Structure formats: C-alpha cells, structure tokens
1. Starting with the highest mean, order 38-44, 27-33 by the number of other Cβ atoms within 10 Å, averaged over the residues of each peptide.
2. Given points 7 Å out from each Cα along the Cα-Cβ axis, report the ARG110 to ASP25 separation in nanometres with one decimal.
3. Tell me which of CYS127, LEU62, LEU88 sits at the most positive position along the dipole axis of the stretch 23-142, charges placed on C-beta atoms (Lys, Arg +1; Asp, Glu -1).
4. Return the distance in nm (one decimal) between the two label points of a simple spin-label model at ALA85 and ARG8, each offset 7 Å from Cα along Cα→Cβ.
Amino acid sequence: MMLKVNLRHLAEHGLHLQGELPVADLDLDVHDELVRAEQPLAYDLAVELLHEAVLVTGSLRLPLACECARCLKPFTTDLHLAGWALHLPLQGEDQVPVENDCVDLTPFIREDILLDFPQHPLCRPDCGGLKDKTARKAKAVEKPAPDLWAKLDKLKLK
Ligand SMILES: [Zn+2]
C-alpha cells in the first residue's frame, strides 16, 4: 500500500485523505536502538490541484517508542507534523513522477518524517541521566513561570 493521489480525480475536485499508513510501507530504514517506529503513521491531508502543481496540506503523526539517551527510561512520543505542506510541481525540472495518473506521496512523507526524527531522545528536556532518579531536588529548581509569562506576552502581541 502506498499513499497515492490520483490526478484525474483531483482535477474534478479536491481530495481529503485521512487514514493510517503501516509503518512498514513508509520504509523508514532507521536502525536506531533508542527510537523505534512500530505504530502506523496517521495522516489527515487536504489535496488540491493548483496550476501545474499539487498542493498537499495537513498533519502527520507517527507514534515513536523511545528510550531516553541519558537515563534509558522507555517513553513514547509522537512525531507530529501539524502544519505540514507539500508542493509537488507537475511541470518543469522538479516535476514529480506520475504513474498511471497517480503521484505517490510516500517518499515525500518519508523524507520529512526522517528530517524530524529525534536524534537524541530524552524523556524530558532536562533529564539528568541515571543519577537523576535520586536527585529529586531538580524539580524544586524548575521555574515554569518565566516561560508562561513569555507565552502570555506573545499572545498579547497577536
Ligand atoms: Zn531520561
């Protein structure tokens, strides 16, 4: 199975693609002991035919089973591309391959998922490693407030 867009269907009206792609079909070819993709990729995409191009926008979500690079604690996280957009030219030098009126989105999805793949997975950004288990003090030192104010400031600017 591949995630394909049929251009002839697309010419008549836009498409909405929603579903799951088995991770084996995504063929990530990642051999990282700390990050494993075993669950299917969930996609929710709108596809439009522009002038000599196809525009795909939407979200991709791939659940990952990770092991923290510092403390080896297993944890799960989602690789989430929320505002994903893909522009596929149908003409010119960067023209995408079209087979039986279909464009396969899978290689482009694979590429962007790999770009976002965690290289150094951490159970949390400030994980102190194995000795962290006993160092409970770390929690008291955390200061969420400034971050919160920064966010509020941003909201005000909008
Ligand atoms: Zn950790």
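Taken together, the values in this text are just the output of simple stated rules run on the coordinates, not laboratory data. Everything numeric in this text was worked out from a predicted model, so none of it was measured. Virtual Cβ from ideal backbone geometry, glycine too; neighbours counted across all protein chains shown.
1. Values: 38-44: 16.7, 27-33: 10.9.
For the peptides 38-44, 27-33, the packing ranking is 38-44, 27-33.
2. 1.4
3. Selected residue: CYS127.
4. Roughly 3.1 nm, to one decimal.
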